[in-house]
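Structure, as structure tokens:
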Amino acid sequence: MTHQSNWSAGTKVNVRAGFRIHLLVFLLATPALWIVWYLTDRTYVWPLWSTPAWAIGVLFHYLGAFVFRKSVNN
């Protein structure tokens, strides 16, 4: 069984714009998560799990987009 894709090999992907979107969603969603926690049961601080984990994801996305960028001229 073969998998066919509509993506061509020459499709240009703007990884920097993708990172900016990821960062914006992180910066908007994280305070929302903390507000939901604050307005609900505050016995267990569950945003302490999602916030650092997501921040690590944003950090690796940054490193992939700006620091360890592969050459596109192959």
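Throughout, read-outs are computed from the coordinates displayed, never taken from laboratory work. Since we're looking at a predicted model, the values are computed, not measured. When we count neighbours, we look across all protein chains shown, and the Cβ atoms used for this are built from the backbone with ideal geometry, even at glycine.
The loop-placed chymotrypsin sites (Phe, Trp or Tyr not before Pro) in segment 16-64, going by DSSP, that have at most 12 neighbouring Cβ atoms within 10 Å of their Cβ come out as Y44. For the pair W46 and A32, the difference between a 0.36 nm per residue extended length and the Cα-Cα distance amounts to 3.7 nm.
Using the Cα gyration tensor of segment 15-67, with a ≥ b ≥ c the square roots of its eigenvalues, what is the shape: rounded (a/c below 1.5), prolate (a/b larger than b/c) or oblate (neither)? Here segment 15-67 falls in the oblate category.
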